[in-house]
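Working notes, beginning with the structure itself.
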Amino acid sequence: MKLQDLAERLGLEWRGGDVEIGAVAPVESAGAGDLTFVTARKWLVEVRGAAALLVPPDLVDEATSVPGLPLMISPAPALDAGRAGLLLGQDELRVSGVHPSAVIDPSARLGAGVAVGPLVVIGAGVVIGADSVIHAGAVIHDGSLIGARCVIHANAVIGGEGFGFEFVAGAHRKIPHLGIVRIEDDVEVGACTTVDRARFGETRIGAGTKIDNLVQIAHNVHIGRACVIVSQVGIAGSCRIEDGVVLAGQAGLVPHVTVGRGARVAAATGVAVDVPAGATWSGWWGGPHRENLAQINAVRKLPEFMKTVRDYMKGRASSR
């Protein structure tokens with residue numbers, strides 16, 4: 001496709017020669033006929049053999065310094081690079097219709113345009129909204145409610161029984177989980193992620209939230225709208241994650257904590273108390289990010305400090 005045609009179909013401004021584009025490729029490997037993209041200044045030096053470059057508005061002037069390279073200008077280059085790839089025929093994970101190997105309870109209700117992949121299991125009373133996609137091997141347990149335009153990736157489990165036991169008379173007695181999972185519209189759940197049904201009531205995921213692979217969401221957790229939860233996050237029972245929260249990879253939350261609206265929790269952070277709205281927390285035992293950086297800096301200086309103390313003590317001993 002010609003660059004001008006591609007830009008027009010994407011609704012983007014373009015500058016320079018009208019070259020032929022065959023595919024979208026990463027900046028480090030893009031060659032003849034490839035469109036590539038950059039989102040930050042540091043990547044411009046990596047641009048070599050690409051046919052054209054997709055850049056944000058603030059990099060246009062610097063990008064023009066790459067000789068003879070036509071530009072498309074986008075406020076979201078990574079997103080528009082993906083859209084360009086689809087227009088150029090590069091494949092995405094596609095599921096259409098209901099695969100014959102899927103097992104769907106007769107009482108389940110699937111909205112218009114729902115796609116169900118191979119070996120999916122959908123239990124009794126499940127409701128799935130229009131245009132949602134359930135990828136291969138996913139299991140949607142009884143009573144789960146999934147909104148419109150959701151994507152459930154391969155081998156995710158929605159509505160499995162939560163981990164709840166009471167130690168009575170020397171044994172762990174299983175507590176029944178009688179609630180459901182409710183997933184609102186435009187939610188994405190990654191491969192091998194688990195969302196447990198509530199003990200009573202609902203485990204809920206708010207509209208527009210995006211969840212990566214290998215995430216554990218326990219019973220009665222409530223997650224707000226437009227959150228981002230990255231791989232290997234573990235959220236224990238009855239936590240409250242408010243709108244717009246970001247939980248980075250391997251963050252772990254103890255039961256019953258609240259993460260306030262718009263807060264950010266860094267990778268591998270342990271959260272044992274409530275996180276205030278808008279805060280950024282980090283650290284093995286989570287706390288405000290600036291405080292954590294100060295502690296890390298202090299620990300790094302400890303060997304030098306100890307050497308200074310030893311030299312001081314030797315000096316005192318020799319002066320006696």
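Of everything in segment 134-181 that is basic (Lys, Arg) and touching a Phe, Trp or Tyr at 6+ places or on another chain (Cβ under 8 Å), the residue that is nearest to residue 113 (Cα to Cα) is 174.
Screening segment 135-199 for strands (runs of 3 or more DSSP E) wholly inside it with 2 or more residues that are modelled with pLDDT of 95 or more and under 20 Å from the mean Cα position of the chain (by Cα) returns the ranges 157-160, 180-183, 194-196. Applying the set (1) closer than 23 Å to residue 190 by Cβ; (2) surrounded by 13 or more Cβ atoms within 10 Å (Cβ to Cβ); (3) not polar (S, T, N, Q) to residue 72 leaves exactly one unmet item: (1). Going by what's in this entry, would residue 225 be described as out of contact with any helix residue (DSSP H, G or I) (no Cβ under 8 Å at 6 or more places or on another chain), at pLDDT 95 or above and open to solvent by 60 Å² or more (accessible area, probe 1.4 Å)? When the stated conditions are applied, residue 225 passes them.
Tell me whether segment 204-212 contains one or more residues that are open to solvent by less than 60 Å² (accessible area, probe 1.4 Å), among the acidic types (Asp, Glu) and in contact with a strand residue (DSSP E or B) (Cβ under 7 Å, 6 or more places away or on another chain). Yes; the residues of segment 204-212 include at least one that is open to solvent by less than 60 Å² (accessible area, probe 1.4 Å), among the acidic types (Asp, Glu) and in contact with a strand residue (DSSP E or B) (Cβ under 7 Å, 6 or more places away or on another chain).
Looking only at residues of segment 277-320 that are in a loop (DSSP other than H, G, I, E, B), out of contact with any Lys or Arg (no Cβ under 6 Å at 6 or more places or on another chain) and not charged (D, E, K, R), we find that the one that is farthest from residue 250 (Cα to Cα) is 319.
Consider residue 142 carefully, then state whether it is among the charged types (D, E, K, R), farther than 23 Å from residue 262 by Cβ and buried (at least 21 other Cβ atoms within 10 Å of the Cβ). Answer is no for this residue.
Let's see how each residue does on (1) hydrophobic (A, V, I, L, M, F, W, C); (2) exposed (fewer than 15 other Cβ atoms within 10 Å of the Cβ); (3) touching a strand residue (DSSP E or B) at 6+ places or on another chain (Cβ under 7 Å); (4) at pLDDT below 95:
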| position | (1), (2), (3), (4) |
| --- | --- |
| 244 | no, no, no, no |
| 249 | no, no, no, no |
| 256 | no, yes, no, no |
| 270 | no, no, yes, no |
| 273 | yes, yes, no, no |
| 287 | no, no, yes, yes |
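The values are calculated or read from the model by the stated rules, or taken from the named source; none is laboratory data. The shown structure was predicted, so the numbers you read here are calculated from the model rather than taken from an experiment. Cβ: placed from backbone, ideal geometry, glycine included. Neighbour counts: every protein chain shown. Accessible surface is based on the protein model in full, side chains and every heavy atom, while ligands, DNA and RNA are left aside. Shrake-Rupley method; radii C 1.70, N 1.55, O 1.52, S 1.80 Å.
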